[in-house]
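Each remark here refers to the structure printed beneath this line.
The values are calculated or read from the model by the stated rules, or taken from the named source; none is laboratory data. Small disclaimer: the values here were computed from a predicted structure and weren't measured. With ideal geometry, Cβ positions are generated from the backbone for all residues, glycine too; neighbour counts draw on all protein chains shown.
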Amino acid sequence: MAKERDPLQPIASAAYMLFWFPAILIGLALAATILHKGDLSYFGLNRPICVDGQASRPGIDVTFPGARPGTYGVTLQRVCDESLDAGQTFWVLIGRIPGFVLTMGAFFLLWRLTVHAAKDGIYASPVAGRVRFLGWWLTAGAVIAPVAESFANFRRDGTLVDEPTWQGPDISLPILLTGLGLITFARIMRIGVRMSQDLEGTV
């Protein structure tokens with residue numbers, strides 16, 4: 001008799017690798033940073049921050065109206081700052097971390113979902129609850145993360161020029177629709193669990 005395939009594969013293995021592989025890489029990178037006395041860069045913190053600007057006249061030393069002291073021109077269209085102060089560092093982090101947290105959190109929740117589904121069974125109320133939580137995580141994160149990053153980038157650019165340009169949030173419709181789909185699927189699962197429990201009670 002052929003062995004029945006695990007219904008949670010291949011998503012269980014994929015979720016495991018998608019969470020732990022980046023987590024291990026980040027741990028190794030942190031250790032390398034400590035050993036190299038912080039020479040490596042995380043989330044672009046050791047890199048110059050730049051913003052588009054307007055040059056006064058082409059062919060001469062680049063000067064941007066409204067540029068903050070300590071900035072320098074790279075091309076006729078940009079100004080950059082190499083030495084980030086505490087405020088700039090904060091906005092750079094806020095401009096990059098939300099998307100990273102959304103992605104890693106989704107991988108973690110998916111991995112834990114497959115672990116509990118293998119333990120409690122697919123048709124269990126706690127599993128439906130975890131599916132719903134993952135759906136809400138993606139739905140809320142698909143909106144909150146881009147808005148937070150867009151606002152942080154606007155404030156970061158404001159440290160370079162007097163009148164930064166607001167760039168609207170880049171909301172991912174696939175992530176948003178996936179989250180809403182999981183919430184809907186969780187509701188269907190809960191109905192199925194209740195029907196299964198009612199049938200067991202009548203037998």
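If you check TRP91, TRP137, TRP166 for being under 12 Å from the mean Cα position of the chain (by Cα) and either over 29 Å from ALA15 (Cα atoms) or in contact (Cβ under 8 Å) with a residue 24 or more places away in the chain (or both), only one passes: TRP137.
If you go through region 170-192 one residue at a time, do you hit one that is hydrophobic (A, V, I, L, M, F, W, C) and in contact with a strand residue (DSSP E or B) (Cβ under 6 Å, 6 or more places away or on another chain)? No.
If you scan region 148-185, which residues turn out to be assigned to a loop (DSSP other than H, G, I, E, B) and not polar (S, T, N, Q)?
Filtering region 148-185 down to residues assigned to a loop (DSSP other than H, G, I, E, B) leaves 158-160, 162-172.
Within region 148-185, GLY158, LEU160, ASP162, GLU163, PRO164, TRP166, GLY168, PRO169, ASP170, ILE171 meet the criteria.
Residue selection: ALA118 fails the criterion of being surrounded by 16 or more Cβ atoms within 10 Å (Cβ to Cβ), among the aliphatic types (A, V, I, L, M) and in contact (Cβ under 8 Å) with a residue 12 or more places away in the chain.
Is it the case that some residue within region 185-203 is within 26 Å of PHE19 (Cα to Cα) and acidic (Asp, Glu)? Looking for residues that are within 26 Å of PHE19 (Cα to Cα) and acidic (Asp, Glu), one finds none in region 185-203, hence no.
Here is a yes/no grid of residues against (1) surrounded by 14 or more Cβ atoms within 10 Å (Cβ to Cβ); (2) at pLDDT below 85; (3) of a type outside the set (Phe, Trp, Tyr); (4) closer than 28 Å to PRO22 by Cβ:
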{"position": "PRO58", "(1), (2), (3), (4)": "no, yes, yes, no"}
{"position": "ASP61", "(1), (2), (3), (4)": "no, yes, yes, no"}
{"position": "GLY66", "(1), (2), (3), (4)": "no, yes, yes, no"}
{"position": "GLY70", "(1), (2), (3), (4)": "no, yes, yes, no"}
{"position": "GLU82", "(1), (2), (3), (4)": "no, yes, yes, no"}
{"position": "TRP91", "(1), (2), (3), (4)": "yes, no, no, yes"}
{"position": "ILE94", "(1), (2), (3), (4)": "yes, no, yes, yes"}
{"position": "TRP111", "(1), (2), (3), (4)": "yes, no, no, yes"}
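The residue pairs whose first member lies in region 1-24 and is more than 13 Å from ARG112 (Cβ to Cβ), whose second member is among the hydrophobic types (A, V, I, L, M, F, W, C) and at pLDDT below 80, and whose beta carbons are closer than 9 Å, counting only pairs six or more residues apart or on different chains, are ASP6/ALA12; PRO7/ILE122.
Looking at region 130-142, can you tell me whether even one residue there is modelled with pLDDT of 85 or more, surrounded by fewer than 15 Cβ atoms within 10 Å (Cβ to Cβ) and aliphatic (A, V, I, L, M)? Yes, because at least one residue in region 130-142 is modelled with pLDDT of 85 or more, surrounded by fewer than 15 Cβ atoms within 10 Å (Cβ to Cβ) and aliphatic (A, V, I, L, M).
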